[in-house]
């Protein structure tokens, strides 16, 4: 599992970016969120996630809010 913070949310399009603790920025789609809704996320919120390779580059999946 990776950890990071929500860097940017594009609410009207249903996606965002996570700033990984490794310093990279990872795309995520609302369909990759578990145990929460997209509307429950806020910028700078701590999350944990897994990374998979997609045709457009790394993508975060199984995104969970760190409590």
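Readers should treat all values here as calculations from the given coordinates under stated rules, not as data from a laboratory. For clarity, every value in this text was computed on a predicted model and none was experimentally measured. Glycine gets a Cβ as well: all are built from the backbone with ideal geometry, and neighbour counts include every protein chain shown.
Can you tell me how the chain classifies by the Cα gyration tensor, rounded, prolate or oblate, using a/c under 1.5 as the rounded cut? Numbers along the way, then the final one.
On the way: a/c = 1.35, a/b = 1.12, b/c = 1.21.
Verdict is rounded for the chain.
Considering only the chain, what is the antiparallel percent among its DSSP beta bridges, to the nearest 5?
Roughly 90 percent of the DSSP beta bridges within the chain come out antiparallel.
Of 52, 43, 25, which is the most mobile in a GNM of the chain whose springs link Cα atoms less than 10 angstrom apart?
The residue with the greatest mean-square fluctuation here is 52.
Using Cα springs under 10 Å in a Gaussian network model of the chain, which residue among 46, 19, 36 shows the largest mean-square fluctuation?
Top of the fluctuation ranking is 36.
I'd like the FRET efficiency for residue 50 and residue 8, computed as 1/(1 + (r/R0)^6) with the beta carbon distance as r and R0 of 22 Å, rounded to 0.05.
So, using R0 = 22 Å, E works out to roughly 0.65.
In the Gaussian network model of the chain, springs joining C-alpha atoms below 10 Å, which of 26, 47, 34 carries the largest mean-square fluctuation?
Largest GNM mean-square fluctuation: 34.
Restricting to Cα pairs below 8 Å that are 6+ residues apart, what does the relative contact order work out to for segment 2-65? Please round to a whole percent. Provide the component values of the computation, followed by the final result.
Working: 129 pairs, mean separation 21.8, N = 64.
It comes to 34 percent, rounded to a whole number.
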